[in-house]
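**Student:** Quick one: this structure, given as structure tokens, is what I'll be asking you about.
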């Protein structure tokens, strides 16, 4: 499945999930690309604080991501978690308007990510419930493309508004698309496959077989190695770009990601997940090499490569986890996946932030590259799923 298929061939739930992702990220990316600038320019924080905020925002929700996925399997319900998660994220965004110190920004980011922790695994399981296995990569590619389109719209909206309004006014206006996304969640329907699933699992946390666990931890190793895009924004500032220039580069990155995601998903359906994932890892190494060069142009080029790399990895990893998981354990497996990535985000982002702050961008890029090679080795050793694309 790709975005080029006729509209009547895309299931209703998948359309809705895509639109929810679009409006949510429209809202989020009116805020998040501005946070490094808001933290450093308005609140006087350093690069280490930026890394702390980015990492803690993901890591604090790790257990919620695990819990919500497994519980959605046991209850045979996805929609309540999706609605509650998007509601929490939408309401939390109001906290950014009230922020007068970096601790409040951290709190707002944590609360927003709690919402994501509740919704992520059940939403991704709902996507898998909606389409056949042969179209799974394309379905995740579609959802990630709509997510990227929303991010691009958010960055462009912020770019247009920041020249006329304060950071906090832009943050307040971001609540409008968030409310639209929340309304759309109420229109989702439980897939027949999910409602027919047994809800009698005894354990509070789902178990993973060896192959699924290996796939989860390989994904976590890659997440630990990644240099957050927030640092590319900081590199742009360091190399002479203003707030509007940084937002324009971010919108370009999101455009590349949006165009690449469905193609990467389709490629993973046709050629297998592992080759596409390894391609994404290799592109991250290329991005780090370009970023370390030191010019403003290198930041722009690195951002475009980052977009293709993330498109190759993001949806494909989710499809690969579902390929490994038994049908009744999709939510739990995706919960472990999201939780493992979240748990590695804080130490990885904070470590790379400290290295960036104390030793410079080239050293941080070199460390990230070494960790990426370790993650690629871990990915290579993951056994292929028995019946699905590997």
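**Student:** Read through the list (1) under 15 Å from residue 219 (Cα atoms); (2) modelled with pLDDT of 90 or more, then give the number of the only condition that residue 324 fails.
**Tutor:** Exception for residue 324: condition (2).
**Student:** OK, next. With the structure loaded, tell me whether residue 176 is touching a helix residue (DSSP H, G or I) at 6+ places or on another chain (Cβ under 6 Å), in contact (Cβ under 8 Å) with a residue 40 or more places away in the chain and either crowded, with 24+ Cβ neighbours inside 10 Å or closer than 30 Å to residue 42 by Cα (or both) or whether it fails that test.
**Tutor:** On the way: touching a helix residue (DSSP H, G or I) at 6+ places or on another chain (Cβ under 6 Å): no; in contact (Cβ under 8 Å) with a residue 40 or more places away in the chain: yes; either crowded, with 24+ Cβ neighbours inside 10 Å or closer than 30 Å to residue 42 by Cα (or both): yes.
The answer is no for residue 176.
**Student:** Report whether or not residue 188 is more than 19 Å from the chain's Cα centre (by Cα), modelled with pLDDT of 90 or more and in a loop (DSSP other than H, G, I, E, B). Explain how you work it out, then say what you get.
**Tutor:** Values: more than 19 Å from the chain's Cα centre (by Cα): yes; modelled with pLDDT of 90 or more: yes; in a loop (DSSP other than H, G, I, E, B): yes.
When the stated conditions are applied, residue 188 passes them.
**Student:** Scan the range 353-362 and give yes if some residue there is touching a helix residue (DSSP H, G or I) at 6+ places or on another chain (Cβ under 9 Å), surrounded by fewer than 24 Cβ atoms within 10 Å (Cβ to Cβ), in contact (Cβ under 8 Å) with a residue 40 or more places away in the chain and under 17 Å from residue 120 (Cα atoms), otherwise no.
**Tutor:** Within the range 353-362, none of the residues are touching a helix residue (DSSP H, G or I) at 6+ places or on another chain (Cβ under 9 Å), surrounded by fewer than 24 Cβ atoms within 10 Å (Cβ to Cβ), in contact (Cβ under 8 Å) with a residue 40 or more places away in the chain and under 17 Å from residue 120 (Cα atoms).
**Student:** Of everything in the range 117-149 that's out of contact with any helix residue (DSSP H, G or I) (no Cβ under 6 Å at 6 or more places or on another chain) and assigned to a helix (DSSP H, G or I), which residue is farthest from residue 276 (Cα to Cα)?
**Tutor:** Taking the range 117-149 and keeping what is out of contact with any helix residue (DSSP H, G or I) (no Cβ under 6 Å at 6 or more places or on another chain), we get 126, 132-135.
Of the ones still in play, those that are also assigned to a helix (DSSP H, G or I) are 126, 133-135.
Numbers: 126: 23, 133: 17, 134: 16, 135: 15 Å.
Looking at residues that are out of contact with any helix residue (DSSP H, G or I) (no Cβ under 6 Å at 6 or more places or on another chain) and assigned to a helix (DSSP H, G or I), I get 126.
**Student:** Take the conditions touching a residue at least 40 places away in the same chain (Cβ under 8 Å) and either surrounded by fewer than 24 Cβ atoms within 10 Å (Cβ to Cβ) or part of a helix (DSSP H, G or I) (or both) and apply them to residue 153. Does it pass?
**Tutor:** Details: touching a residue at least 40 places away in the same chain (Cβ under 8 Å): yes; either surrounded by fewer than 24 Cβ atoms within 10 Å (Cβ to Cβ) or part of a helix (DSSP H, G or I) (or both): yes.
Yes; evaluated as a whole, the condition is true for this residue.
**Student:** Out of 286, 252, I need the residue that is part of a helix (DSSP H, G or I) and more than 19 Å from the chain's Cα centre (by Cα). Which one?
**Tutor:** On the way: 252 fails: more than 19 Å from the chain's Cα centre (by Cα).
Only one candidate passes the filter, namely 286.
**Student:** Something else now. I'd like to verify a number: residues in the range 217-248 that are assigned to a helix (DSSP H, G or I) and more than 23 Å from residue 367 (Cβ to Cβ), how many?
**Tutor:** Total meeting the criteria: 6.
**Student:** Let me ask another. Are there helices (runs of 4 or more DSSP H) fully within the range 29-113 with at least 2 residues that are crowded, with 24+ Cβ neighbours inside 10 Å, modelled with pLDDT of 80 or more and more than 17 Å from the chain's Cα centre (by Cα)? List them.
**Tutor:** On the way: elements: 47-59, 62-75, 79-92, 94-98.
Once the helices (runs of 4 or more DSSP H) in the range 29-113 are filtered for at least 2 residues that are crowded, with 24+ Cβ neighbours inside 10 Å, modelled with pLDDT of 80 or more and more than 17 Å from the chain's Cα centre (by Cα), what remains is 62-75.
**Student:** Name the residue, out of 221, 235, that is under 30 Å from residue 73 (Cβ atoms) and either surrounded by 16 or more Cβ atoms within 10 Å (Cβ to Cβ) or at pLDDT 90 or above (or both). If you could, list the steps in order and put the result at the bottom.
**Tutor:** Values: 235 fails: under 30 Å from residue 73 (Cβ atoms).
One residue alone meets the criteria, 221.
**Student:** Answer yes or no as to whether residue 331 is in contact (Cβ under 8 Å) with a residue 40 or more places away in the chain, touching a helix residue (DSSP H, G or I) at 6+ places or on another chain (Cβ under 6 Å) and closer than 21 Å to residue 118 by Cα.
**Tutor:** Details: in contact (Cβ under 8 Å) with a residue 40 or more places away in the chain: yes; touching a helix residue (DSSP H, G or I) at 6+ places or on another chain (Cβ under 6 Å): yes; closer than 21 Å to residue 118 by Cα: yes.
For residue 331, the condition - in contact (Cβ under 8 Å) with a residue 40 or more places away in the chain, touching a helix residue (DSSP H, G or I) at 6+ places or on another chain (Cβ under 6 Å) and closer than 21 Å to residue 118 by Cα - is met.
**Student:** Ok, one more. Does the range 267-281 include one or more residues that are farther than 21 Å from residue 354 by Cβ, in a loop (DSSP other than H, G, I, E, B) and either at pLDDT below 90 or out of contact with any strand residue (DSSP E or B) (no Cβ under 9 Å at 6 or more places or on another chain) (or both)? Write out each step before concluding.
**Tutor:** Let us first name the residues in the range 267-281 that are farther than 21 Å from residue 354 by Cβ, namely 267-281.
Subsequent filtering for residues that are in a loop (DSSP other than H, G, I, E, B) retains 272.
Filter once more, so that each one left must be either at pLDDT below 90 or out of contact with any strand residue (DSSP E or B) (no Cβ under 9 Å at 6 or more places or on another chain) (or both): 272.
The answer is yes, given that some residue of the range 267-281 is farther than 21 Å from residue 354 by Cβ, in a loop (DSSP other than H, G, I, E, B) and either at pLDDT below 90 or out of contact with any strand residue (DSSP E or B) (no Cβ under 9 Å at 6 or more places or on another chain) (or both).
The values are calculated or read from the model by the stated rules, or taken from the named source; none is laboratory data. Keep in mind that what you see is a predicted model, and the values were worked out from it rather than measured. Note that each Cβ is placed from the backbone with ideal geometry, even for glycine, and that neighbours are counted across all protein chains shown.
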